[in-house]
Every structure is written in C-alpha cells, then in structure tokens.
Amino acid sequence: MITYGLQQLECAVRYLPADDRYESMVYRRCGDSGLLLPAISLGLWHNFGDLRRWDQQRDICRRAFDRGVTHFDLANNYGPPPGAAEENFGRILATDFARHRDELIISTKAGYLMWPGPYGDRGSRKYLVSSLDQSLRRMKLDYVDIFYHHRPDPETPLEETMGALDASVRAGKALYIGISNYNVDQTAQASVILRRLGTPLLIHQPSYSMFNRWIERDRLLDALEAAGAGCIAFSPLAQGLLTNRYLTGIPEDSRIRTSVFLREEDLTDAVMARVRALNEIAGRRGQTLAQLALAWALRDPRMTSLVIGASTVEQLEANLGALRNLTLDDEELAEIEPFAVDR
Ligand SMILES: NC(=O)c1ccc[n+]([C@@H]2O[C@H](COP(=O)([O-])OP(=O)(O)OC[C@H]3O[C@@H](n4cnc5c(N)ncnc54)[C@H](OP(=O)(O)O)[C@@H]3O)[C@@H](O)[C@H]2O)c1
C-alpha cells in the first residue's frame, strides 16, 4: 500500500493561480525599457531560508502571484544558509510556477561573500559568471530576468564588472542588468559603460524608506531618469520598523529576535516616537503604518517598484492593501515630513 505524507499530498494538488490576478495590481514602466514591474515586488532575503517551513514560503509566493506580484527578488547569498532561498524558490518554481515562467520576473544578484577564496566575493568577472551559473542551477532555471551586481567593488575595474553583466545577457543567462547599492557617480559611470556595450542599465536597487532617505539627498532618481533606468527600493518598511510590529513590544518571531540585521538598540525612544506619530497619520487615512510607508515610498512615479519582505501571508496581503490608496496630498506629505527622517 502506498502512503503519502500531508506535504506530498499538498504538492500533488496542482496550484492554479487566481484568474483575477492581474486586476488589482498596479504596474509601472521600468525606466525607458519595455518592462513593466508590479509596484510591490516580493523579496526573499529573509523568511525563505532553511529555518522556515517550505510550505509557508510556498504559501507566501502563491498568494503574491495570485495578487499580481510578478516579480520575485533573490540573491546568491539569501538564506540561511547562503543559497537556500534560491533552492527553496526553485522548488516552488518546479511545483507551482513552472507553467507560468513567462509571467514571472525573477532576479538574482552577486556581490557579497558566497564561497571561500578569492573568487567568491566582490565584482570580478570570474566571480559573477560562476555565481550566476550556480544561481541558475539552484533555481533550476535556464535564465534569470534580471542579474544584478549586488554592491560596488572599488578594487575591480567597473569595465570588468559591467562587461561580465553584459556577457551574461549575451550568453542568454539573463535578460536585463541591474546594479544595487551604487552611489550616484558609480551609477552614472556604470550606465555609460553598459550603454557602450549595448546592454543598457535596466534598474537600480537602493535602500529607501521614510527612515532612510539617502537617494533623495544624492538625487539618484534624477541620475536614473537621465540614464533611462528604473528604480526598485529595498527595505521600504525599514525591516519592520515602519509597521505595527514593534508598537507594543518585541515579538519572539520578529526580525529583531531572529536576525542580526535589525537590533533591539534600533528601537530608540526617538525612533518609536516617530513610529507612533506616523502610525497616527496612517490611521487618519484609514491605512496601516506599513501601507502609508509603502504609498509614501511610491510617491515619485520614477520609483518603479518596492521590494518588500513578508514573514506571513497576512503581512503580504496587508501590504498589498497599500495599492488601494497611493495618493498623498501636499498637506499629508508636510505632516509626515518631520517624522520621516534617517534613523
Ligand atoms: N540589494 C540589497 O542589498 C538588498 C538588501 C536588503 C534587502 N533587499 C531586498 O529587499 C527585500 C525586502 O527587504 P526587507 O525584508 O528588509 O523589507 P521590509 O519590507 O522593509 O521588511 C520586511 C519585514 O517587515 C516585517 N513586516 C512586513 N510587513 C509587515 C506587516 N504588514 N506587519 C508587520 N510586520 C511586517 C516583517 O518582519 P518580521 O520578520 O518581523 O515579521 C518582514 O519580514 C529583500 O527580501 C531583498 O529582496 C536587497
């Protein structure tokens, strides 16, 4: 007699995406390119490693796609352990999304430490080419839609790094090229090199939120507009600070307790006072704080998309609710301004 575990049975039931999945999502054009991205994309940095149940990861991805989130953002080192998020997402692709590959924009990146020795980090051609091959194997994909250099590497000539990105497109392993964490000068230089090579820069992925406004000071969106490139901001919820997560304490399953990237010391009195003030403004708009933070980060139409994280389906759903009201008038923006400062 054959017996099945619950998980195997669940996998055997074929996933059918929602028929209305394209009805409520807002899509924005990525720079001057032909590519549209959802205004809210899903990132797999946290919550998709081996410490989380795979069926919960799958449920978040399913719901995202059901709601029109066509873009899933990964990197070689997302986990833990590094590589695990690509493997786990590869399983979700195989079980759920295989028939829908042409409806998906899947990105990955290389630029941080991935394997030991001189070729597993930074920006050499050797590292980028090998890393992309590894990412494709982990996700069992022929190509990714966007391949990013994850951070600038001052020790490698920019021509070499951009040449490696261009080569990945020519080899059919990536459709578009992105850069992440580059400052405005590095962005302008990268864009010139890429244009000369014949593979224009599609997109930049910087950090940006009400608590992290460096891209405004550096006029990054102006530089990207001049380059014809789009922008997708990461950590628009400041890793959960710009939500109701920490309003009444620190939950045991929160990022502060489960990750080294957000710390209890980040919850200073000054930060929490701003969080409460912003939460009140959100409430008056009939929104959650997270929804207000997302609407605010999308207020410039040159911001193509925001890549959010979610540890539950409920968080994802709530955040997508931001799309119901993206309009902020001058009075509301002025009210927000004193509390939207770098922490
Ligand atoms: N290019 C880069 O260098 C870089 C760097 C960082 C991130 N990224 C990309 O950006 C993506 C998003 O980063 P992020 O996860 O830091 O983004 P985020 O959206 O600022 O933070 C997500 C976290 O906030 C909490 N949260 C989200 N929605 C919530 C809600 N409605 N209510 C309460 N809490 C909520 C959850 O934390 P809990 O775990 O506490 O539930 C969630 O994991 C990453 O996955 C990655 O793709 C890129």
Q) From the set of residues in region 212-230 that are outside any helix (DSSP H, G or I), under 19 Å from the mean Cα position of the chain (by Cα) and surrounded by fewer than 24 Cβ atoms within 10 Å (Cβ to Cβ), which is nearest to the ligand (Cβ to nearest atom)? A) ASN212
**Q.** region 251-273, subset under 20 Å from TRP45 (Cβ atoms) and surrounded by 14 or more Cβ atoms within 10 Å (Cβ to Cβ), residue farthest from the ligand (Cβ to nearest atom)
**A.** ASP266
Q: Only residues that are within 23 Å of THR70 (Cα to Cα), within 9 Å of the ligand (Cβ to nearest atom), of a type in the set (A, V, I, L, M) and in contact with a helix residue (DSSP H, G or I) (Cβ under 6 Å, 6 or more places away or on another chain): list them for region 274-315, please.
A: ALA290, LEU294, LEU306, ILE308, ALA310
Q. Restricting attention to region 316-343, and to residues there that are within 11 Å of the ligand (Cβ to nearest atom) and small (Gly, Ala, Ser), which single residue is surrounded by the most Cβ atoms within 10 Å (Cβ to Cβ)?
A. ALA322
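To keep it simple, each residue is scored yes or no on (1) of a type in the set (S, T, N, Q); (2) modelled with pLDDT under 95; (3) buried (at least 16 other Cβ atoms within 10 Å of the Cβ).
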{"site": "THR3", "(1), (2), (3)": "yes, yes, no"}
{"site": "LEU6", "(1), (2), (3)": "no, yes, no"}
{"site": "ARG28", "(1), (2), (3)": "no, no, yes"}
{"site": "GLY31", "(1), (2), (3)": "no, no, yes"}
{"site": "GLN56", "(1), (2), (3)": "yes, no, no"}
Q) Among the residues of region 189-207, is there at least one that is crowded, with 23+ Cβ neighbours inside 10 Å, in a loop (DSSP other than H, G, I, E, B) and either in contact with a Phe, Trp or Tyr (Cβ under 8 Å, 6 or more places away or on another chain) or among the aliphatic types (A, V, I, L, M) (or both)? A) yes
**Q.** Residues within region 184-211 that are under 18 Å from the mean Cα position of the chain (by Cα) and either within 24 Å of GLN239 (Cβ to Cβ) or not aliphatic (A, V, I, L, M) (or both), tallied
**A.** 9
Q. ILE146 passes all but one of (1) buried (at least 23 other Cβ atoms within 10 Å of the Cβ); (2) more than 16 Å from the ligand (Cβ to nearest atom); (3) within 20 Å of LEU44 (Cα to Cα); which number fails?
A. (2)
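The values are calculated or read from the model by the stated rules, or taken from the named source; none is laboratory data. What you see is a predicted model; the values in this text were computed from it and never measured. So basically every Cβ, Gly included, is an ideal-geometry build from the backbone, and we count neighbours across all protein chains shown.
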